[in-house]
Amino acid sequence: MFANSSLRNCRAWTHIGLAGCAIAAGSRLSAQTVSGRIFDSLAKAPVVGATVQLVAQPPGSAAPIEATSDNLGNYRFDNVSSGTYILGFYHALLDSIGIEPPTRRINVERASGIRVDLGIPSAGGLVEAVCRPAPDKKATAGLLVGHLYDASSRQPVVGGTVVAEWQRVEIADKKLEISTPQLIATTVSGGGFAFCGVPRDDDVMVTAIRGGDTTGSVAVHVSAAGFARRQLWIDQANQGRLTGSIVDGASHRPLAGAQVSVVGSSLSETTNDRGVFNVSGAPGGTQTILIRAVGYSPERRSVELLGDQAARVDVQMTSLRTMLDTIRVTARRLYSRDASGFEHRRTSGFGRFFDSTDVERLRPFETTRILQGINGVRLAGTGLNMRILMGNVTFCEPTIFVNGIALPDFSGGDLNSLVAPEDITGMEVYTSAGSTPAQYRGVSSLRGGRGCGSIVIWTKWGR
């Protein structure tokens, strides 16, 4: 699909197999052996159950013969006539990657057998083959491929739109600049799509659109080698069902009252006394769910809601105490409480600033109460459902930073659970992306966070 097959006389290879290239039988002139091994260079493992075919040349001069690779990836043809052949294989893995099967032209002689190893190219080989960099240059960016399917019919979606975006941080003219590059692809035959130029060893947010349907925005990690693949399913008209359980990651005890939400919809359920939840009527296809529990770090998961099949997700939550210890270590190494930096930003004219003296004067019983009265900021909900909203006409939720660490999925309720007012040494509130320093601009892909403002908090335990 994304690369030209070397099997020039069999253009329908991926649809009918090599068997469709030759239909006439020929006589066997000798009894030679063709054998070898099929190896997946991406997974570094043998390819099991691949269909291997040997087609005589010219097509029609002899009947094709077929074998299947064993548990070690080995295949073998006996009683092969002397002559010229095209050797190749196909496997479901090739379809998931989105490439045409590799082939080899071989000559079988009367006096000896022949060994030919085949394989799925390495990540670097796939990037080179699909993205085709200039002859004098080597590909430095990565490749993300996948397929888009209808969640109800399981059929490929042709003509759908797939959007990939990621965050880029770079220094230009001694200034830190943060941007959000975006690539758009249209699915082709088989529902396939490909993005060249994505960053290596980083997450890319991918969303698919078909008419009024859309998937959730899911994170796909591109390996350091530069390759990733992801299947997406779409069909919001379908009513999906999601079940599962939420437990403490350390003790494995059930968490009652945890909140499970389908991102982009109004659906939200809480777990019962056994930590079990059941969400009905969810939009179908690939969706993202957000799990929150008091005293725990929020968790995101991608799920596939296909037709009438209920998807199950079991999540182990990380306590904020554990996360707090991690932030302490990272903060000491990377983000000390920079009083001069805080004061410099304070005099810039952008944002609202609070130091420990201001916090003592306000005497808030929870951290979010410090935000009351700030123009363009409002609080909605209580407890775990507390949300911080920014804007005057349309609203978005800001990204929260604690000691320089971005916590993009944190809500107001999460912030209150993590940071006590008496621990705050400084707070910076930026109500729009334009007023926010580049290093603290929103990184959340949820709730409009990338275009929203930010809240930056410095604590005593981050010193």
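The values are calculated or read from the model by the stated rules, or taken from the named source; none is laboratory data. Note that this is a predicted model, so its numbers are computed, not measured. A quick note on method: Cβ atoms are made from the backbone with ideal geometry, for glycine too, and the neighbour counts reach across all protein chains shown.
List every residue pair whose Cβ atoms sit under 6 Å apart, with the two residues 6 or more apart in sequence or on different chains, where the first one lies in the range 42-55 and is in the same structural domain as Y90 (by TED's automatic domain parsing) and the second, anywhere, is among the aliphatic types (A, V, I, L, M) and at pLDDT 90 or above.
P46/L72; V47/I38; A50/I38; V52/A67; L54/I65; L54/L87; V55/I86
Taking R345 as meeting all but one of (1) charged (D, E, K, R); (2) crowded, with 16+ Cβ neighbours inside 10 Å; (3) closer than 23 Å to S411 by Cβ, write down the number of the exception.
Going through (1) charged (D, E, K, R); (2) crowded, with 16+ Cβ neighbours inside 10 Å; (3) closer than 23 Å to S411 by Cβ one by one, R345 breaks only (3).
Going through S41, S82 one at a time, which residue ends up being touching an Asp or Glu at 6+ places or on another chain (Cβ under 7 Å) and modelled with pLDDT under 90?
Within the list S41, S82, the selection yields S82.
Go through the range 378-401 residue by residue and tally those that are aliphatic (A, V, I, L, M), free of Cβ contacts under 8 Å to residues at least 40 places away in the same chain and not in a strand (DSSP E or B).
2
Suppose we keep only residues that are out of contact with any Ser or Thr (no Cβ under 7 Å at 6 or more places or on another chain) and modelled with pLDDT under 90 within the range 344-354. Which one would you say is nearest to P437 (Cα to Cα)?
Ranking the candidates gives R345 first.
Restricting attention to the range 244-268, which residues are surrounded by fewer than 17 Cβ atoms within 10 Å (Cβ to Cβ) and over 24 Å from the mean Cα position of the chain (by Cα)?
A250, S251, H252, R253, P254, A256, G257
If a residue must be crowded, with 20+ Cβ neighbours inside 10 Å and aliphatic (A, V, I, L, M), how many such residues does the range 387-402 contain?
Total satisfying the criteria: 4.
Restricting attention to strands (runs of 3 or more DSSP E) lying wholly within the range 164-264, give those where 1 or more residues are within 30 Å of T318 (Cβ to Cβ) and β-branched (V, I, T). Write out each step before concluding.
On the way: elements: 168-172, 175-179, 182-186, 192-198, 202-210, 218-222, 227-248, 259-262.
Counting at least 1 such residues, we get 168-172, 175-179, 192-198, 202-210, 218-222, 227-248, 259-262.
So which residues in the range 13-38 are over 24 Å from S122 (Cβ atoms), at pLDDT 50 or above and hydrophobic (A, V, I, L, M, F, W, C), if there are any at all?
Within the range 13-38, A31, V34 meet the criteria.
Please go through the range 243-293 and give me each residue that is polar (S, T, N, Q), more than 20 Å from G383 (Cβ to Cβ) and touching a residue at least 60 places away in the same chain (Cβ under 8 Å), ordered by number.
Within the range 243-293, T243, S245, T286, Q287, T288 qualify.
For the range 269-306, name all the residues that are in a strand (DSSP E or B), surrounded by fewer than 21 Cβ atoms within 10 Å (Cβ to Cβ) and at positive phi.
G281 - this is the single residue of the range 269-306 that is in a strand (DSSP E or B), surrounded by fewer than 21 Cβ atoms within 10 Å (Cβ to Cβ) and at positive phi.
Identify the residue in the range 44-54 that is at pLDDT 90 or above and in a strand (DSSP E or B) and, among all such residues, is farthest from R104 (Cα to Cα).
P46
Looking at (1) in the same structural domain as V145 (by TED's automatic domain parsing); (2) at pLDDT below 90; (3) surrounded by 21 or more Cβ atoms within 10 Å (Cβ to Cβ); (4) not β-branched (V, I, T), can you tell me which one R229 breaks?
(3)
Hey, can you tell me all the residues within the range 377-386 that are surrounded by fewer than 16 Cβ atoms within 10 Å (Cβ to Cβ) and of a type outside the set (S, T, N, Q)? If you could, list the steps in order and put the result at the bottom.
Kept after step one, since they are surrounded by fewer than 16 Cβ atoms within 10 Å (Cβ to Cβ), are these residues of the range 377-386: 378-383, 385.
Answer for the range 377-386, where residues must be surrounded by fewer than 16 Cβ atoms within 10 Å (Cβ to Cβ) and of a type outside the set (S, T, N, Q): R378, L379, A380, G381, G383.
Among the residues of the range 195-212, are any buried (at least 22 other Cβ atoms within 10 Å of the Cβ) and closer than 21 Å to F277 by Cβ?
Checked the range 195-212: no residue is buried (at least 22 other Cβ atoms within 10 Å of the Cβ) and closer than 21 Å to F277 by Cβ.
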